[in-house]
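Worksheet for the structure shown next.
The values are calculated or read from the model by the stated rules, or taken from the named source; none is laboratory data. Owing to the predicted nature of the structure, the values given are computational and were not obtained by experimental measurement. Note that each Cβ is placed from the backbone with ideal geometry, even for glycine, and that neighbours are counted across all protein chains shown. Please note that ligands, DNA and RNA were not included when accessible areas were found on the heavy atoms of the full protein model with its side chains. Shrake-Rupley method; radii C 1.70, N 1.55, O 1.52, S 1.80 Å.
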Amino acid sequence: MKAPDFDYLLPASLDAALAMLAEHGGEAMPLAGGQSLMPMMNFRVAAPEVLIDLANLSELRGISIEGDTIRIGAMTRYAELMADADVQKHIPIFGLALPHIAHDAIRNRGTIGGSIALADPAAEMPALLRALNAIVEAEGPDGTRMINADDFFLGMFETALDGELIKALHIPVATSEQRFGFHELTQRHGDYALAGVAVVQTSNTYRAAFFGVADRATRVPDLEQALEQQDDMASVLEHLGNIDFTDDLKANHTTRQRLAGVALKRALKGMTV
Amino acid sequence: MTGPAHIFDKPNRYIGKPEPRADAARLLQGRGSYVDDQKLPRMVHAAFVRSPHAHAKILSIDTEDARAAKGVIAVYSGEDLAAHVTPYVGTLTHLAGLRSMPQHPLAMEVARWQGEPVVMVVATSRALAEDACELVYVDFDELPAAVDSETALDLEAPVIHPELGNNLAWERDMVAGDIDAAFATPGVHVVEREFRFGRHTGVTLESRGTVCDYDPSENQLTVYYSGQAPHMMQVIFSKHLDLPEENIRVISNDVGGSFGIKIHTYGDEIATAAAAKLLKRPVKFIADRFESFVTDIHARDHIVKAKMGVTEAGTIVGIDFDDLTGIGPFSMYPRTSAIECNQVLNLTGAPYVMENYRAKGRVVFQNKTLMCQYRAVGHPIAMAIADGLLEDAARKIGMDPVALREINLMADDSYPRSSATGMKLDDLSHKRALRKLTELMDYDALRDERTEARKNGIYRGIGFVSMVEVTNPSPMFYGIGGAPIASQDGATVRLDAGGALHVSSSITEQGQGTNAILAQIAAGVFGVDLNRVKVTTGDTATTPYGGGTWASRGAGIGGEAMLQAAQALKDQVLEVAGVMLQTGVETLDIQGGAVTDLNGTIRLPLADLARTVYYRGNELPNDLNPELVATRHYRVTDFPFVFTNGAMAAHVEVDIETGFVKVLHFWAVEDCGRVINPLLVDEQIRGGVVQGIGGALYEECHYSPDGQFLNATMADYMVPMASEMPDITIAHIETPTKTSVLGAKGAGEAGTGGAPAAILNAVNDALSPMGASIWQMPMTPERILTALDQAD
């Protein structure tokens, strides 16, 4: 299929982009790599009248260490993240997870901010940000908002953004007390996971964010607590029952729950040291 | 008769050599010319409004807004085109009792599958045509749909064609011996399983498409066609668009894969031709991926209840099965949708000596996309039934599956003979192939490794298949039943003035290297260097008349025609050379582009000979009429089909926590007779195996209970990808067919036909320690977990 006609805008600054977004309102969509939006437009599932391409916004680029966090511009592409020495050193879980995100061609175009803004429940990045306790820096007409990843993902393709653009992500720099685990189950490399989990252990506490299992990247507080209490694995996995698992063609909710448990066990087994 | 050995054995001969294909560089550099690359003056674009329902009455169609939309040239309903296109029915007389109903390019009154074209919009761009499609208002009255093949014959099932009374399209019973008595014999173990084979489809890299260009000044229709059978399409366009056959030219330039998808009559393509005729200008239609999923023919869709009886000593006493297959709402035109079921009935158990056989096939209509012939028609079903039951029986009587095959495979020296179903078999090598396979894979070591791994909770399995493949079909396949499908093919070889050969053939290139083997045969048999051969295929105006490339017939039939033509031209050229050199023809040969002595000494370069003939005929005797072009045609006469055989094995690991299957290695030993180019044959086998793995593990067209196709995207429909594919080791046995001098049988479908059974057997071997087994394809993680849960 071919997309219906649309206007294409290429703002040179974040302010200009926000002004365009305000002007066109619901008719406009920001373009941040296009790895999901372009197919949706060609399928005529999305039909924005105006596309605002964020490709030229220097404010949305760059990776820098700011104290105990690392700041990553929203328009950073996966390929850039994978090649960045600071990211590798300070966010070890990205080294585990990023190779699972789609394929080279998509990682060359797809951006971290684009993935977050889309909030696909099967995508890796939302779960990674929740596990890492990251903060989303959003810029809107009323200024900057810092939104905890835990408060950002509101449902399937639904976020806390309100006429704003994601400017950057702030991720805590890994400490010596932390260990990281990641596992996802896909039949083919690069597919959306049937179930996956990102685990960050800080001393004896855990943040475990599941993806591909429900309507959004999902943490289960009881399960994290059970891990902290070093409950036996069967008891830990029982808490997966708190998740409202998705049914689809590839796996029903029973299978998904089972696979989420396997992913968690394998992530814990493969934690960084 | 076996061909004279010298054709193949001389130095500098190309038949059997791993020559790189000449067109690879062109295709890799993006210089290919596919249908969508055709851009003609005044060309306009078609898009279709398709039925959103599996079954619905069309109450009214309002096209007013669409006609007024930007860029729109024309809007056609089914009724509009019915005045210009005669309907077609997918039945053939040799499939006795097969029923279908007339089909129109666009649905008339009732739409019978989700995706059926209903309204055609022609506009100045595809995007504008799609815009206008959104402005077409069709008032549908949704009808109950017959979706599930298992209930399609129930009395209360919605009847898709009321004129036919029920949804049965065709049925056939086949009986040999006395299966009940055989199974009741004391000491006979009977295994019984219900197999389910999901629907899948071809997913060609280049989707279906056509550019149709009509010139009213000559009443001439030129069709750019991404497909496999140009001459067949010429007849179809002629017959249904009321144009003389000779006024239709079908051109297939590069074709990006077909797998049997592009050999049928699709309403959107016929409508495109009709629109071109009505508008008197070129019209392009390129199916997008969504359209491909809901309109390209689907394959398989079988439910089979099957039994095999085996004695304690391991002799197969017989097979008994019932195959139910769903084909969508019509039998596809012109090849019909009964061939797949017919092949299952004909081929099941064909490698094995077997006295008793009973099979029932039923083909039913349903409100889904049409099902028809796709790569390895019926083969994966037939092989999975026989070899799945065979390995099940082996487990039951505690015998190694290879040993059980050794007992039952037809002996290599027992041909010619017939199978239990009456198939005429010759020149097969099942036992040699199986032995070569077990050596190639080091079966004994692999078995030990499997046993060792199980101790560590790693569940690996080894599975085999011994298989046959139907290739080189004779007129008994289609022509006998009235289909306008040639079973013979032609080749023309022309010596040009510069000493190069220009050859043409009626078989077609769709990415598999047809042109490369044609050049190898011509160069090798005639005696020029390979780079001095130019090949033309895929054009009804410039090639000899023939069937095209399908049913693994290109190399065997088209290749033999090329061999015969090259040999004929060689004889003609030597006759001229004999006169020019004042010597007997028997003392001359052609090698490396020159007429030579028998010992290879150059006597006369071909360019000199040709230039003399073409430019300076005055130097030749007046009674010599040099003919530097030769054409020959060839068809298979002694057999309905030329069977090939193969033995394959899969090594898999099943993750019993997740149900994931990893194929660790695959081996194939294939006997396709004379191998013309081992590189190409190996890639055919390899690609076929990958498609077979797709059917076994990944690919499935999912439908909702009301007939909605649920996974019509490349994200949701899983094709096999390179990362997951195992190394595939290939070896050959060459038992040339006696039906031709070339001796080549087909190789294109073996992998697809055999791999699913081998994977099924390997998975079941891996699951056997848990007492679990699975009989449904694709074997998805969820289905494997369910099988494990249900283990005894």
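Structure above, values below:
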item: Check on A:GLN225, open to solvent by 50 Å² or more (accessible area, probe 1.4 Å), touching a strand residue (DSSP E or B) at 6+ places or on another chain (Cβ under 9 Å) and not in a loop (DSSP other than H, G, I, E, B); result: yes
item: Those residues of region B:656-702 which are of a type in the set (A, V, I, L, M), within 14 Å of chain A (Cβ to nearest Cβ) and closer than 14 Å to B:GLY461 by Cβ, in sequence order; result: B:ILE656, B:VAL661, B:VAL663, B:ALA696, B:LEU697
item: Selection count, region B:403-418, where residues are open to solvent by less than 10 Å² (accessible area, probe 1.4 Å) and in a loop (DSSP other than H, G, I, E, B); result: 1
item: Matching residues in region A:241-265 - criterion: being touching a residue at least 40 places away in the same chain (Cβ under 8 Å), within 9 Å of another protein chain (Cβ to nearest Cβ) and open to solvent by 20 Å² or more (accessible area, probe 1.4 Å); result: A:LYS250
item: Members of region A:187-206 that are under 30 Å from B:PRO726 (Cα atoms) and either buried (at least 24 other Cβ atoms within 10 Å of the Cβ) or more than 8 Å from chain B (Cβ to nearest Cβ) (or both); result: A:ALA193, A:LEU194, A:ALA195, A:GLY196, A:VAL197, A:ALA198
item: Cβ-Cβ under 7 Å pairs, at least 6 apart or on other chains, region B:285-296 side farther than 22 Å from B:LEU128 by Cβ and at the interface with chain A (Cβ under 10 Å from one of its Cβ atoms), far side open to solvent by 20 Å² or more (accessible area, probe 1.4 Å) and outside any loop (DSSP other than H, G, I, E, B); result: none
item: Residues located in region B:419-467, provided they are over 26 Å from B:PRO640 (Cα atoms) and in a strand (DSSP E or B); result: B:TYR459, B:ARG460, B:GLY461, B:ILE462, B:GLY463, B:PHE464
item: Where A:GLU184 falls short, out of the listed (1) in contact with a Pro (Cβ under 9 Å, 6 or more places away or on another chain); (2) within 14 Å of chain B (Cβ to nearest Cβ); (3) not in a loop (DSSP other than H, G, I, E, B); result: (1)
item: Residue satisfying all of: in region A:11-38; part of a loop (DSSP other than H, G, I, E, B) and out of contact with any strand residue (DSSP E or B) (no Cβ under 7 Å at 6 or more places or on another chain); farthest from the other protein chains (Cβ to nearest Cβ) among these; result: A:SER13
item: Any chance B:SER768 is in contact with a helix residue (DSSP H, G or I) (Cβ under 7 Å, 6 or more places away or on another chain), over 26 Å from B:ASP671 (Cα atoms) and either within 14 Å of another protein chain (Cβ to nearest Cβ) or assigned to a loop (DSSP other than H, G, I, E, B) (or both); result: no
item: Sole residue being touching a residue at least 12 places away in the same chain (Cβ under 8 Å), more than 14 Å from chain B (Cβ to nearest Cβ), in contact with a Lys or Arg (Cβ under 7 Å, 6 or more places away or on another chain) and of a type outside the set (Asp, Glu), chosen from A:TYR78, A:TYR8; result: A:TYR78
item: Qualifying positions in region A:29-47 - in contact (Cβ under 8 Å) with a residue 24 or more places away in the chain, over 21 Å from the mean Cα position of the chain (by Cα) and either assigned by TED's automatic domain parsing to the domain that holds A:ALA83 or open to solvent by 10 Å² or more (accessible area, probe 1.4 Å) (or both); result: A:ASN42, A:PHE43, A:ARG44, A:ALA47
item: Cβ pairs under 8 Å, 6+ apart, first in region A:49-65 and within 21 Å of A:GLU27 (Cα to Cα), second modelled with pLDDT of 95 or more and aromatic (Phe, Trp, Tyr); result: A:GLU49/A:PHE6; A:VAL50/A:PHE6; A:VAL50/A:TYR8; A:LEU51/A:PHE6; A:LEU51/A:TYR8; A:ASP53/A:TYR8
item: Only listed residue being within 14 Å of chain A (Cβ to nearest Cβ) and either touching a residue at least 24 places away in the same chain (Cβ under 8 Å) or out of contact with any helix residue (DSSP H, G or I) (no Cβ under 7 Å at 6 or more places or on another chain) (or both), chosen from B:PRO736, B:PRO726; result: B:PRO726
item: Options B:PHE195, B:PHE237: the member that is of a type in the set (Phe, Trp, Tyr) and surrounded by fewer than 22 Cβ atoms within 10 Å (Cβ to Cβ); result: B:PHE195
item: Candidate set from region B:706-717 (those that are out of contact with any Ser or Thr (no Cβ under 9 Å at 6 or more places or on another chain) and open to solvent by less than 60 Å² (accessible area, probe 1.4 Å)); member that is farthest from the other protein chains (Cβ to nearest Cβ); result: B:GLY707
item: Flag for B:GLU653 being in the same structural domain as B:HIS430 (by TED's automatic domain parsing), more than 20 Å from the chain's Cα centre (by Cα) and more than 23 Å from B:PHE464 (Cβ to Cβ); result: no
item: Tally, over region A:187-205, of residues that are among the small types (Gly, Ala, Ser), in a strand (DSSP E or B) and touching a Gly at 6+ places or on another chain (Cβ under 6 Å); result: 2
item: Boolean, B:ARG447 is surrounded by fewer than 24 Cβ atoms within 10 Å (Cβ to Cβ), of a type outside the set (Asp, Glu) and within 15 Å of B:GLY646 (Cβ to Cβ); result: no
item: Subset of region B:114-126 that is under 20 Å from B:LEU59 (Cα atoms) and in a loop (DSSP other than H, G, I, E, B) - its residue that is nearest to the other protein chains (Cβ to nearest Cβ); result: B:GLY115
item: Residue in region B:134-156 that is within 14 Å of chain A (Cβ to nearest Cβ) and not in a strand (DSSP E or B) present; result: yes
item: Filter result (surrounded by fewer than 24 Cβ atoms within 10 Å (Cβ to Cβ) and in a helix (DSSP H, G or I)) within region B:541-567; result: B:GLN564, B:GLN567
item: Tabulated pairs, region B:579-595, first more than 13 Å from B:VAL525 (Cα to Cα), second of a type in the set (Gly, Ala, Ser) and open to solvent by less than 50 Å² (accessible area, probe 1.4 Å), C-beta under 6 angstrom, 6+ apart or interchain; result: B:VAL585/B:GLY578; B:LEU588/B:ALA577; B:VAL595/B:ALA577
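Residue-by-condition table, conditions (1) within 27 Å of B:ASP301 (Cβ to Cβ); (2) within 14 Å of chain A (Cβ to nearest Cβ); (3) over 30 Å from the mean Cα position of the chain (by Cα); (4) surrounded by 19 or more Cβ atoms within 10 Å (Cβ to Cβ):
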position	(1), (2), (3), (4)
B:ALA96	yes, no, no, no
B:LEU128	no, yes, yes, yes
B:PRO158	yes, no, yes, no
B:PRO162	yes, no, yes, no
B:GLY177	no, no, yes, no
B:ASP180	no, no, yes, no
